[in-house]
Structures are given as C-alpha cells and as structure tokens.
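The values are calculated or read from the model by the stated rules, or taken from the named source; none is laboratory data. Everything numeric in this text was worked out from a predicted model, so none of it was measured. Heads up, the Cβs are rebuilt from the backbone with ideal geometry, glycines too, and the neighbour counts pull from every protein chain shown. We work out accessible area using only protein heavy atoms, side chains counted, and drop any ligands, DNA or RNA first. Shrake-Rupley method; radii C 1.70, N 1.55, O 1.52, S 1.80 Å.
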Amino acid sequence: MVQSKSWVMVKHFDGFPKDSDFQLKVEELPEPKNGEVLIEAVFLSVDPYMRPFSKLYMKEGDVMIGTQVAKVIQSKNSAFPVGSHVVSSCGWKTHAISDGKDLTLLMADWPKNVPMSLAVGAIGMPGLTALYGVEAVLKAQKGETLLVNAAAGAVGTVVGQIAKIHGCKVVGSAGSDAKVAYLKELGFDEAFNYKTVPSLEEALKKAAPEGYDCFFENVGGQFSTFALQQMKEFGRIAVCGGISTYHDTAYQTGPYPLTTINWKQVKIEGFMQSRWQSDHPQGLKKLMGWYKEGKLKSREHVTKGFENMPAAFMGMLQGENIGKAIVTV
C-alpha cells in the first residue's frame, strides 16, 4: 500500500486565493489492477489557467487540477513500463493510480542533458501554447512586429523566442526590472516594465512607433485597451489569457472598442492549445529541436516540497516567477 498526498480546493476562490482555500489530504492507494500503473510525481506544474479553470470545471472538495512529470513505479500496463516517465493530468497529487488514458509518455529520445521538468514547460503545454499562438493563430511573418505581455512568464518567454526565430521584431512587457533584463537576454528587441513606465500608451508607442502587426495577449484589462490602439491595420490578436481579470468577483462589461477594431480591421481570436491535440507530437519535436540548437532557452522558478504547492501557485499568480513555475517533490 502506498500513501498518496493531495491538495484539494475546499472552497472556491473568492478574489485572490488564500491558504484556507486549500487542504492537504492523505489516502492509501490500492495495488494497481490489470491495465493500471502507479505513478509518483517528480515535477508538478503551477499555471495561470488553474485559477479560471477551477471555477469552470471544479467542485469544492476536488483535487486541484494540473499536470506533472511522474515516474512509473508499478505497472500492469505494458505501454508504461516501470521506470518510464510520463506527463500526467492527475492534478496536485504525490502518487496516483492510472489506466493510462490521462498519461503521455515522454518522447522516447528525450536527451539526458535536457531537464525532464521542461515537459511541463517550454517543451510541454506552455511551449505548445506559444507555438500554436505564434504560428497557427497570428501567422507571424518575417519583418513583422509582435507584442507579448506577461512576457517573462512560462508562455511569454517562448512566444518571444519563437517570434524571433521567425524573423519578427519582438516587444515584451513584464512587471519588474529583473524580468525586463531577462527578456533582453533572450533577444527581445524592446522590453519595458509596465509597472514603472510613466505612461503605458507612450511606452507602447516608443517601443514600436510603426505599430504592431501581432499581439499575443496574456493579461487583459487596461493593457489590452492601450495595445489595441497601437495595432496596425489588419493586425492580428491571439487571446491566450487575461490574468489581470482572473480574480475579479464580477465579469467585466463594456464599453468595448468596437469602432477601433472595425476601422483597423483587426482580427481577434481566442485559442487553447488543445485545439491542435493531434499535432502535439510534431510540435514537441519542433520545440525540442530549437532547444537543442540553442534557439530556445528556458528558465525555471523552482519551489521545493509538495507541501508548498499552494504557496507556489499563489506566488506565480502574483508574478514572483521568471519563466516556468514548478514544484519539485
């Protein structure tokens, strides 16, 4: 019998999450049945989407949603041998029994010198989100100017690097001088701290006086309002998220800048990486190729200890991380 720890959401978040919204539970797991495996978490992911998804898809008392890189420690399923590593969507758990339907084996040729934690980062869901947003939604082309906000996060850092690979001018917005410095290290052409610029409108104009062809939107709120005014005619906006609105207790209402959208003939499209599920293996190989070539870099913000999952989650929502936020067990 194996003891599994899990974090449950005991109460739906009212505004920003609190420690009291979470509870640590312990249970004894049975032996795996035929076709099942027992997995043990190695790296757990904390991501912005967990905040709005918890409201949409979770009930009070459910285990917090999320993905992890886990090791198979018992197996009665030949597709997942003991010692293999998988990406699991079992949530905030140290151990879980699975029939394999929610598991994805790490690519067979995963290089030994590439951290497996990247399977929930730059060579995982966040990386795929960036890839599809830049290539499939924005269709960013050489010579175009691309703007990305929350640029120092798990998705934003990859967005900027992929756009540079495609020959774009890249402008990034982030919330600290240290984050801005990191964006410069990654090759962003322009980057600014939205919290300290005297005028967000002027900062956007100064970074790209000619305007923006593409905007990868992660934030929402006031930033979107100003960015829309700087879009070129026939500009494209990929809406990945709106983290500035996730803790609102009431949905935002208009007025919306429909006249600007109309006159500039701007295309705005929301998306999630799951739309291209069948393309994931090919997309992961592309991301891995860029990583091995040195064209794609990744930085991780690591929190040690499963007991610190809620703190890591709340810290990520407050922007404490540069790059991907993960928890090691």
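Tell me the mean residue ellipticity at 222 nm calculated for the chain from its helices only (DSSP H runs of n ≥ 4, each -39500 (n - 2.57), averaged over every residue, nearest 500). Spell out each step's value before the answer.
Working: 9 runs with 84 residues, N = 329.
Dividing the helical sum by the residues of the chain leaves -7500 deg cm²/dmol.
Residue by residue, what Karplus-based ³J(HN,Hα) values in Hz, rounded to whole numbers, does region 191-204 have, using 6.51, -1.76 and 1.60 with θ = phi - 60° and x for Gly and Pro?
8, 8, 8, 5, 7, 10, 5, x, 9, 5, 4, 5, 5, 5
Rounding to the nearest 10 and keeping the result within 0 to 90°, find how far the Cα-based axis of helix 154-165 lies from the longest principal axis of the chain.
60 degrees
Go through 243, 39 and list them by solvent-accessible area, largest first, probe radius 1.4 Å. Before the final figure, lay out each step's value.
Working: 243 45, 39 0 Å².
Accessible-area ranking of 243, 39, largest first: 243, 39.
Averaging over all projection directions, find the projected area of the Cα convex hull of region 1-158 and quote it in nm² with one decimal place.
Values: hull surface 46.6 nm².
Projected area, direction-averaged: 11.7 nm².
Where the only charges are on Cβ atoms (+1 Lys, Arg; -1 Asp, Glu), what is the dipole of the chain about its Cα centre, to the nearest 20 debye? Walk me through the numbers before you get to the answer.
Numbers: 35 positive and 33 negative charges, 121 e Å.
Dipole about the Cα centre, nearest 20: 580 debye.
Over 26 Å between Cα atoms, which of 232/295; 55/285; 93/324; 184/304; 164/286 qualify? Working shown, then result.
Values: 232/295 28 Å; 55/285 33 Å; 93/324 19 Å; 184/304 28 Å; 164/286 15 Å.
Distance filter (> 26 Å) returns 232/295; 55/285; 184/304.
For region 85-156, how big is the tail of P(r) above 21 Å, as a whole percent of Cα pairs? Write down the numbers at each step before the final one.
Numbers: 1097 of 2556 pairs.
It works out to 43 percent of all Cα pairs.
Quick check: from the Cα gyration tensor, does region 124-272 come out rounded (a/c under 1.5), prolate or oblate? Before the final figure, lay out each step's value.
Values: a/c = 1.22, a/b = 1.15, b/c = 1.07.
Rounded is the answer for region 124-272, as its axis ratio a/c remains below 1.5.
Please find, in a Gaussian network model of the chain (springs between Cα atoms separated by less than 10 Å), the residue of 316, 288, 107 whose mean-square fluctuation is greatest.
Of 316, 288, 107, the Gaussian network model singles out 107 as fluctuating most.
Quick check: net charge around residue 61, other residues with Cβ under 14 Å of its Cβ, Lys/Arg +1 and Asp/Glu -1?
Values: positive: 11, 25, 59; negative: 21, 27, 60, 62.
So the surrounding residues net to -1.
For the peptides 128-141, 76-89, what is the packing order when you average, over each peptide's residues, the other Cβ atoms within 10 Å and list the highest mean first? The partial results should precede the final answer.
Working: 128-141: 21.9, 76-89: 15.7.
Highest mean packing first, the order is 128-141, 76-89.
Take every Cα pair under 8 Å in region 124-272 that's 6+ residues apart, average their separations, divide by the length, and report that relative contact order as a whole percent. Walk me through the numbers before you get to the answer.
Details: 283 pairs, mean separation 31.8, N = 149.
That works out to 21 percent.
For the chain, set up a GNM with springs between Cα atoms under 10 Å and report which of 108, 151, 203 has the largest fluctuation.
The residue that fluctuates most here is 108.
What whole number of Å gives the distance from the Cα centroid of region 178-236 to the Cα centroid of region 110-133?
25 Å
Gap in Å between the Cα centre of region 259-322 and the Cα centre of region 1-18?
Cα centroid to Cα centroid, the span is 23 Å.
Rounded to the nearest 5, what % of DSSP beta bridges with both residues in the chain are antiparallel? It would help to have the intermediate numbers written out before the result.
Values: 31 of 57 bridges.
Taking every DSSP beta bridge within the chain, about 55 percent pair in antiparallel fashion.
Inverting the mean 1/r over all pairs of different Cα atoms, compute the Kirkwood radius of region 51-93 and quote it in Å. Please list the in-between numbers first.
Values: mean 1/r = 0.0833 Å⁻¹.
That comes to 12.0 Å for region 51-93.
Could you work out how far helix 177-186 tilts from the main Cα principal axis of the chain, as a 0 to 90 degree angle to the nearest 10?
90 degrees
Relative contact order of the chain: what whole-number percent is it, with Cα pairs under 8 angstrom and at least 6 residues apart? List each step's numbers first, then the result.
Details: 676 pairs, mean separation 55.4, N = 329.
Relative contact order comes out at 17 percent.
Please report, as a whole percent, how much of the solvent-accessible surface of region 124-272 comes from carbon and sulfur atoms (probe radius 1.4 Å).
Numbers: 3630 of 6550 Å².
Ligands and nucleic acids excluded, carbon and sulfur give 55 percent.
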